[in-house]
Amino acid sequence: MTRAPAKILLISGEIESGKTTTLTKVLERISGLNIIVRGVLSPPVIMGQEKTAINILDLSTGETRQLAILNNGKAGGIHTKRWQFDETVLAWGNEILSRSVPCDLLVVDELGPLEFNRNEGFVNGLKAIDSGQFHAALVVVRPSLLESALQRWPGAEVFEVNRQAQAEYVKRIITAIENLVNV
């Protein structure tokens with residue numbers, strides 16, 4: 001069976017719009033298909049109703065580690081205005097991403113200002129996507145960085161998600177993946 005060339009599917013949306021939740025639902029729905037899925041998912045840690053940390057999940061092994069905590073203003077090392085990153089876990093995530101290709105479906109959740117603006121964070125995610133050694137890549141990118149992502153990957157398809165239409169986006173993304181990997 002002939003497979004389509006590599007395609008990048010960008011999942012974008014504002015903070016708390018359901019990007020990772022959409023991605024998680026897609027992965028749950030395709031789990032029974034004969035698709036080799038590799039990469040990282042970054043689920044939030046919720047305390048009460050507040051996102052207090054970010055985990056990282058290795059999609060090949062199921063291992064999870066805590067990637068970031070809320071920045072308390074005393075941040076050293078790698079951080080953004082909102083998050084303080086554990087540098088050893090970032091290195092672990094980069095190792096996962098460096099061995100994620102080739103595969104059928106590459107997942108990189110998420111590429112943000114660390115990667116696009118500072119050459120930090122999941123830089124091996126950028127390299128894995130650039131390699132094209134997959135049939136489809138699901139990549140989470142914030143709207144403010146979409147232009148940068150589309151300059152780097154001009155043929156990428158964008159899915160701008162929101163919680164209200166999440167079920168529809170999940171269906172559309174699954175259809176796109178099925179068409180790309182010919183399952």
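The values are calculated or read from the model by the stated rules, or taken from the named source; none is laboratory data. From a predicted model like this one, the values you see are computed outputs, not experimental measurements. Cβ sites come from the backbone with ideal geometry, for glycine too, and all protein chains shown count toward neighbours. Accessible surface is based on the protein model in full, side chains and every heavy atom, while ligands, DNA and RNA are left aside. Shrake-Rupley method; radii C 1.70, N 1.55, O 1.52, S 1.80 Å.
For this structure, a couple of remarks:
- Against the numbered list (1) aromatic (Phe, Trp, Tyr); (2) part of a helix (DSSP H, G or I); (3) closer than 15 Å to Gly13 by Cβ, Phe159 comes up short only at (2).
- Filter result (open to solvent by 40 Å² or more (accessible area, probe 1.4 Å) and either among the aliphatic types (A, V, I, L, M) or assigned to a loop (DSSP other than H, G, I, E, B) (or both)) within the range 136-156: Arg142, Leu150, Pro154, Gly155
- Condition check for Leu106: touching a Phe, Trp or Tyr at 6+ places or on another chain (Cβ under 8 Å), open to solvent by less than 10 Å² (accessible area, probe 1.4 Å) and touching a residue at least 60 places away in the same chain (Cβ under 8 Å): yes
- Within the range 1-52, if we keep just the residues that are surrounded by fewer than 19 Cβ atoms within 10 Å (Cβ to Cβ), over 12 Å from the mean Cα position of the chain (by Cα) and of a type in the set (Ser, Thr, Tyr), the residue that is farthest from Asn162 (Cα to Cα) turns out to be Thr2.
- Options Ala128, Ala91; residue that is open to solvent by less than 70 Å² (accessible area, probe 1.4 Å) and either over 25 Å from Glu14 (Cα atoms) or assigned to a loop (DSSP other than H, G, I, E, B) (or both): Ala91
- Strands (runs of 3 or more DSSP E) enclosed by the range 1-83 - at least 2 residues per element that are free of Cβ contacts under 8 Å to residues at least 24 places away in the same chain: 44-47, 50-58, 64-70
- Considering residues of the range 109-125 that are open to solvent by less than 30 Å² (accessible area, probe 1.4 Å) and touching a residue at least 60 places away in the same chain (Cβ under 8 Å) only, the residue nearest to Glu14 (Cα to Cα): Asp109
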